[in-house]
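Step one of this worksheet: look at the structure below.
Here, each number is a calculation from the coordinates, and none is a lab measurement. Since we're looking at a predicted model, the values are computed, not measured. Positions of Cβ are generated from backbone atoms using ideal geometry, with glycine treated the same way; all protein chains shown enter the neighbour counts.
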Amino acid sequence: MKKTLTYVRGMLLGFAFYAITLGMDTHLSAQSLTDQMKVVESNWIDLVTTIHDAPDTYLPEVGVRGRYHAVKGLIGKKVVEGIVGEKVFLSGPHEDEMNFNNAGEFGRYNPQFLTTLRAMLTEVYANRFLVELFQPLYDRELRRYLRTYYTTFEKGTSSASLCKEYLTVIGNPGGGQSGSSFLEARLWDYSATLSDKHNYDVFEGVACTSFWVRRSIDGTANLFRGILVETLKTFDPEFLQN
């Protein structure tokens, strides 16, 4: 199988969204939940073969956009909002579908969505059967990417000047530089160092650090980090210990 993408932002958050989709109805019997998990697991390879059809990225194997394209029928924005019972975003370009092509805006996440999501995930992660069933998928598809998110948190949240410069760039969409290209230029050397040290993908390093920059601006960085830590405690505890 071709190497597939590894986040969630939606992520985020990719594995978190898988878990929600599969297990958020607490009235489901254990057997019903088991049956749902088996369906997703058995169809995973077919789902990820569509990543190269993603229209909004030239590197579908890297980052989140190719993966989102592959699984949006299961975990698209509307589906996730219906499960959690809150809007994902307070403002930004993302309406019924995700809009990755707006140079002047980015999605500002809804803190209540993230708070509710974390409470749900705490319950889901307590299901040891679910964890054991999805551990191989996590190891294969998500482990490196979520480790990258964790490692880049401090860099992405520690520079008020970088956030200010980013807002200036996206506030002038006709100025010849996009927000994403600005952050890539500023973060490339840092990400390349991470790649050499930890064998992370350099593009994913840029994407994850850029994500934290935007979360610093919309005020949800610590909420996302809480979800990330819960996920790592469940599926990658040795990484946190080390």
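At what distance in angstrom do the alpha carbon centres of the range 123-144 and the range 169-203 lie from each other?
Value for the Cα centre distance between the two parts: 30 Å.
Hey, rough spin-label estimate for Thr116 and Ser91, points 7 angstrom out along Cα→Cβ, what's it come to in nanometres?
Label-label distance for Thr116 and Ser91, simple model: 2.1 nm.
Please report Cys208, Cys163 as a ranked list, fewest other C-beta atoms within 10 angstrom at the top and most at the bottom.
The most exposed by this proxy come first: Cys163, Cys208.
Starting from the Cα of Gln241, step 7 Å along the direction of its Cβ; do the same at Glu123; then give the gap between the two resulting points in nm.
3.0
Would you work out the charge dipole size for the range 125-193 about its Cα centre, treating the Cβ of every Lys and Arg as +1 and the Cβ of every Asp and Glu as -1, and quote it to the nearest 20 debye?
120
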